[in-house]
Amino acid sequence: MGKVRWPLDQHTKAKHDILSEYLKAWYPILNSTNKKIVYIDGFAGPGEYEGGEAGSPIIALHTAKDHSLKLKSEIVFWFIEEDEERCNHLKSILAKEEVPQNFTIHAECGSFDERLTRALEDIENQGKHLAPTFAFIDPFGISDTPFSVVGKILKNKKCEVFINFMSGFLNRFKDLDMNEEHINNLFGTPAWQAEATRTEQGFVEYYQQRLGTTAKYVRSFAMKNENNQVIYRLVFGTNSYEGLKKMKAAMWNVDKSGSFTFSDRTDPNQVLLIPHEPNYQDLKRLIVNKFDGLEVSIEDIERYVVIETIYRETHFKRQILTHMENATSPEIIVDRPGKSGYPKGTTITFVSPTEASKITDDCNETAQKSLFDF
Ligand SMILES: C[S@@+](CC[C@H](N)C(=O)[O-])C[C@H]1O[C@@H](n2cnc3c(N)ncnc32)[C@H](O)[C@@H]1O
């Protein structure tokens, strides 16, 4: 049996930062339109780390409790932890929490797989649906997160998953016979043996493909150790365009270079010296390549940027379109409803091939493909 609490690593802190940043946006969006929403923490842990730092259940709870907006509808927190001592530790911490009346907390000692399978079956048998849910699935290994459960959660409307996919672990132990069945369950099919490339990256891409069978949008974020090797990827699956935008914002917030990676090796002093901003030249090249010679709505450009590139909806108007519009020989013609900016209803015509479109593919494009194109 492991220790009840353990030290907080830098990459765990980064994981928590993404989680809380996303939940900050998720709670009010979902809360405003639904009577009840559910936060599931399937591998909840003891609720705190060795130095007293908050664990994910407490982070999720505090993000809701301390929210600057009033969250009026019911929020159900469902925490599941298999290890009895950790579970009891979590319960003792939760007992000290004062929470608003519309919050309901269930902390259960048990296994994620078993509890969720039962709950989802009950819901299905009653002909009901899971309320809008964000499920944080954060195991230590690969054996307790079967695709049968993950896929089922995603099939419910407005339900999302945020999974710690232990790809480094999987890559190291993929050839052990005893793991074969676990890996079949993880991917929900034995076909991975023929279809997945047997590398850390190959496994993640395959997992993203599998999630893509039930989630419209899938994004991942790599966590590396001090040796710069990937330990795990945080994989997010959603059917909500708004959710995708908010998760990308949370991920950009943790890695401002846009490589969607956090490494324990990162020297904080160095981070201050490197100007962290999106590669606007790269984004301009992508946009021009996509829309060259076409007349398109501003919404089409935004959807392209959000869905098909690593960049965000906040990265292309002021930083790219304004320069293209104001160039000595304008590269776009803008037809806008108002006097300035690029509000809804704006149409952009990309007039001529520009230098940007001639820039040949560089390593950025390779990086994009590997992470997002499937
Ligand atoms: C990575 S830790 C979770 C950390 C926590 N999410 C956080 O961020 O503070 C994984 C936890 O899952 C628990 N666990 C292992 N197998 C489990 C299972 N099948 N169901 C639920 N919990 C499990 C472990 O005891 C451990 O506390």
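The values are calculated or read from the model by the stated rules, or taken from the named source; none is laboratory data. If you're wondering where the values come from, they're calculated on a predicted model, not measured in any experiment. Cβ atoms come from the backbone with ideal geometry, glycine included; neighbour counts cover every protein chain shown. These accessible areas exclude ligands, DNA and RNA; they are computed on the full protein's heavy atoms, side chains included. Shrake-Rupley method; radii C 1.70, N 1.55, O 1.52, S 1.80 Å.
May I ask you to order 341-349, 84-92, 328-336 by the average number of other C-beta atoms within 10 Å around their residues, highest value first?
Peptide ranking by packing, descending: 84-92, 341-349, 328-336.
Mind checking the full-extension length gain between residue 73 and residue 299? Use 0.36 nm per residue of separation minus the Cα-Cα distance, one decimal, nm.
Values: separation 226, 0.36 × 226 = 81.36 nm, distance 3.11 nm.
That pair, residue 73 and residue 299, stretches by 78.2 nm at full extension.
Out of region 97-176, which chymotrypsin sites (Phe, Trp or Tyr not before Pro) are coil in DSSP terms and have no more than 14 other C-beta atoms within 10 Å?
140
Helix 200-211: angle to the longest alpha-carbon principal axis of the chain, degrees 0 to 90, nearest 10?
Roughly 90 degrees, rounded to the nearest 10.
As a test of the formula, what do you get for the chain when each DSSP H run with n ≥ 4 contributes -39,500 (n - 2.57) and the sum is divided by the residue count, at 222 nm and rounded to the nearest 500 deg cm²/dmol?
-13000 deg cm²/dmol
What's the magnitude of the charge dipole for region 10-272 around its Cα centre, counting Lys and Arg as +1 and Asp and Glu as -1 at the beta-carbon? Answer in Debye, nearest 20.
1380 debye
Looking at region 148-203, I'd like the Rg to Rh ratio, where Rg is from alpha-carbon atoms and Rh is Kirkwood's inverse mean 1/r.
Here Rg/Rh amounts to 1.01.
What are the trypsin sites (Lys or Arg not before Pro) within region 118-173 that DSSP puts in a loop, where the Cβ has at most 16 other Cβ atoms within 10 Å?
Passing both the DSSP loop test and the Cβ count: 128, 157.
Just check region 73-138 against the gyration tensor rule for me: Cα atoms, a ≥ b ≥ c as the square roots of the eigenvalues, rounded for a/c under 1.5, and otherwise prolate or oblate depending on whether a/b exceeds b/c.
oblate
Among the listed pairs 245/344; 15/246; 216/248; 91/248, which are separated by more than 21 Å between their Cα atoms? Present the calculation step by step, with values, prior to reporting the outcome.
Numbers: 245/344 17 Å; 15/246 15 Å; 216/248 15 Å; 91/248 32 Å.
Distance filter (> 21 Å) returns 91/248.
Applying the Karplus parametrisation 6.51 cos²θ - 1.76 cosθ + 1.60 with θ = phi - 60° to the phi angles of region 214-229, what ³J(HN,Hα) value in whole Hz is obtained for each residue in order, glycine and proline being reported as x?
10, 10, 5, 10, 9, 9, 9, 9, 8, 10, 10, 8, 5, 8, 6, 9
Given the Cα-Cα distance of residue 66 and residue 3 and 0.36 nm per residue of separation, how much length would full extension add, in nm?
Additional length available on full extension: 19.7 nm.
At a 1.4 Å probe radius, carbon and sulfur cover how many percent of the accessible area of the chain?
C and S fraction of accessible area: 49 percent.
Which pairs, out of 158/224; 128/158; 70/317, put more than 22 Å between their alpha-carbon atoms?
Working: 158/224 31 Å; 128/158 14 Å; 70/317 32 Å.
Checking Cα-Cα distances, 158/224; 70/317 exceed 22 Å.
Please list, or write none, the aspartates and glutamates whose alpha carbon is within less than 18 Å of the alpha carbon of residue 174, excluding same-chain residues fewer than 8 places away.
Output for residue 174: 144, 195, 200, 205.
Take the Cα atoms of region 1-158, find their three principal axes, and give me the spread along each one in whole Å, biggest first.
That works out to 42, 38, 27 Å along the principal axes.
Hey, rough spin-label estimate for residue 194 and residue 98, points 7 angstrom out along Cα→Cβ, what's it come to in nanometres?
Using points 7 Å along Cα→Cβ, the separation is 6.2 nm.
Among 45, 64, 137, whose Cα lies farthest out toward the positive end of the dipole of the chain, if unit charges sit on the beta carbon of Lys, Arg (+1) and Asp, Glu (-1)?
Going by the Cα projections, it comes out as 64.
Direction-averaged shadow area of the convex hull around the Cα atoms of the chain, nm²?
Hull-based average projected area comes out at 21.6 nm².
State the answer as a single residue: which of 286, 193, 229 lies farthest towards the positive end of the charge dipole of region 186-297, with beta carbon charges of +1 for Lys and Arg and -1 for Asp and Glu, about the Cα centre.
193
By how many degrees, between 0 and 90 and to the nearest 10, does the Cα long axis of helix 56-65 differ from the longest principal axis of the chain?
For helix 56-65, the angle is close to 70 degrees.
Quick one: which of 23-31, 41-49 comes out on top by average Cβ neighbours within 10 Å, and what's the full order, highest first?
Highest to lowest by the protection proxy: 41-49, 23-31.
How many angstrom lie between the C-alpha centres of region 76-118 and region 169-220?
Going from one Cα centre to the other spans 29 Å.
With axes computed from alpha carbons, what is the tilt in degrees of helix 298-308 against the longest principal axis of the chain, rounded to the nearest 10 within 0 to 90?
Value to nearest ten degrees: 50.
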